[in-house]
Amino acid sequence: QVQLVESGGGLVQHGGSLSISCVASGSIFSSNDMGWHRQALGKQREMVATISSGGRTNYADSVKGRFAISRDYAKNTVYLQMNSLNPEDTAVYYCYDYELGRWGQGTQVTVSS
């Protein structure tokens, strides 16, 4: 069974950095486009960053230049490096497998002002 397990969330100060990761099991990870989405309290879930099976990346305008998505094929892991964080980045961050339509359980990122 396919599982996506996120980790690395937490509390960080305004202007700080945080890295979160998503380990995929039970799928052909190398063939799947992956992404990070987030959902703030009371708001709709939105795309943050995506990475194709070949490593091509795409970012939401709100995080361009601050966030970086990457993947390690050997570890079946997708990462999101987040820099220059601000309170508007506070949300639950979800890993998503576009080929399988599968979500992870989410990891909370809170940025204090």
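The values are calculated or read from the model by the stated rules, or taken from the named source; none is laboratory data. Note that the structure is a prediction, hence the values are computed from the model and not measured. Glycine gets a Cβ as well: all are built from the backbone with ideal geometry, and neighbour counts include every protein chain shown. The protein model used for the area step is the full one, side chains on, heavy atoms only, and it has no ligands, DNA or RNA in it. Shrake-Rupley method; radii C 1.70, N 1.55, O 1.52, S 1.80 Å.
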Task: Three principal axis lengths of the stretch 21-66 [C-alpha, angstrom, descending] - done: 33, 23, 15
TODO: Using a 1.4 Å probe over the heavy atoms of the protein chains, calculate the carbon and sulfur portion of the accessible area of the chain as a whole percent.
DONE: 47 percent
TODO: Round to the nearest 0.05 the FRET efficiency obtained for ALA74 and SER113 when R0 = 35 Å and r is the Cβ-Cβ distance.
DONE: 0.35
TODO: Sticking with the crude label model, points 7 Å out along Cα→Cβ, report the distance from SER62 to SER84 in nm, one decimal please.
DONE: 1.6 nm
Task: Percent RCO, i.e. relative contact order, over the chain, from Cα pairs under 8 Å lying at least 6 residues apart - done: 36 percent
Open item on the list: Please report Rg (one decimal) and Dmax (integer) in Å for the Cα set of the chain.
Closed with: 13.1, 40
Task: Local net charge near ALA40, Cβ-Cβ under 14 Å (Lys/Arg +1, Asp/Glu -1) - done: 0
Task: For the stretch 49-101, Kirkwood radius (reciprocal of mean inverse C-alpha pair distance, Å) - done: 12.2 Å
